[in-house]
Amino acid sequence: MTQRQRLFSGKLRLLLAAILVGLLLGFAGPFGSYPALPILTRYIYWLGLTVAGVMTAAAVDAVLPSTRLRSRARRIGAVALVSALPMTFVVTWAISLVQPGRFFTPQQLPALFAAVATVQLLIVYVITITTPTVDNGAAPDRQLPLPERSGEAATPVLPSPLLVRLPPGLGSEVIALETEDHYLRVHTSAGSALILMRMADAVALLDPRLGAQVHRRWWVAERAVAHMQRDGQKLCLGLTNGIVVPVGRTFSGMARARFACARRIDSSQADEVPL
């Protein structure tokens, strides 16, 4: 139930962002829509376009690599420009509905794209400020104190921006992080839960001594790695709670070097696992 509530809350934020921007644009009537469209048609037109724009921006943000464009402003600009490409054709279709007989020539499309990109920039900005990734703008390097390492890796402790998002009872011993759509599933020793956060943001919060990202969709705690295993030609990590985590090709060398000694795994045995 808690996971469903979190998923619903994230989708509700996107819907509210679309409605907010749609009402604003419907009232302002930019790009000649104020005199050209009746008031009811104008509001319906802009609300429909902003809902489509929010959905397109969310999809682009999900597929756009997060390892690059770490700057918030660059990320907003990149998502706005990429999402404006399909939205330009959506706008041409919508205009043909509200103004039958009107069409755009190829020479007019660049100007239309610029107008759509401006609206998408506004939409992405509103989504960004209404969908938090770290609590209250906390800096990524502000973390809870970590215990000193003595023989084994330190007990994983979630930083407060992650910890406050988890339901009560899950504890603070993180085992793994898993990407699910726009959400992040946090696996702890007591269970798992979904939070609204990108993998790149979560990894930036965690002390690198606690573990490492081994796949574009997975981060694992060093203490939780029980063994390495092979699934066909793929390298996998078996965790203490029974989860089997795939290791991406680009992470395989690091994973073998780092986790060969985790939980006292024999390094010679790990060398037998092919990349």
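The values are calculated or read from the model by the stated rules, or taken from the named source; none is laboratory data. Because the structure is predicted, anything quoted here is derived from the model rather than measured. Neighbour counts are summed over all protein chains in view; Cβ atoms, including those assigned to glycine, are modelled from backbone coordinates with ideal geometry. For accessibility, only protein heavy atoms count, side chains too; no ligands or nucleic acids. Shrake-Rupley method; radii C 1.70, N 1.55, O 1.52, S 1.80 Å.
A few points about this structure:
Residues are listed down the side, and each one gets a yes or a no for (1) on the phi > 0 side of the Ramachandran plot; (2) modelled with pLDDT of 85 or more; (3) assigned to a loop (DSSP other than H, G, I, E, B):
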| position | (1), (2), (3) |
| --- | --- |
| Val186 | no, yes, no |
| Ala212 | no, yes, no |
| Trp219 | no, yes, no |
| Leu235 | no, yes, no |
| Gly238 | no, yes, no |
| Gly242 | yes, yes, yes |
| Leu275 | no, no, yes |
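- Any hit, the stretch 156-167, residues being at pLDDT 85 or above and hydroxyl-bearing (Ser, Thr, Tyr): no
- Scanning the stretch 184-194 for residues that are open to solvent by 40 Å² or more (accessible area, probe 1.4 Å) and aliphatic (A, V, I, L, M) turns up just one, Ala190.
- Residue check for Ala257: among the small types (Gly, Ala, Ser) and either farther than 28 Å from Ala57 by Cα or not in a helix (DSSP H, G or I) (or both): yes
- Members of the stretch 195-235 found to be open to solvent by 10 Å² or more (accessible area, probe 1.4 Å) and either over 26 Å from Pro161 (Cβ atoms) or polar (S, T, N, Q) (or both), listed by number: Gln213, Ala226, His227, Met228, Gln229, Arg230, Asp231, Gly232, Gln233, Lys234
- Pair list, Cβ under 9 Å, 6 or more apart: the stretch 171-198 residue over 15 Å from Arg223 (Cα atoms), other residue part of a strand (DSSP E or B) and polar (S, T, N, Q): Gly171/Thr188; Glu178/Ser192; Arg185/Thr179; Arg185/Ser192; Val186/Ser192; Arg198/Thr179
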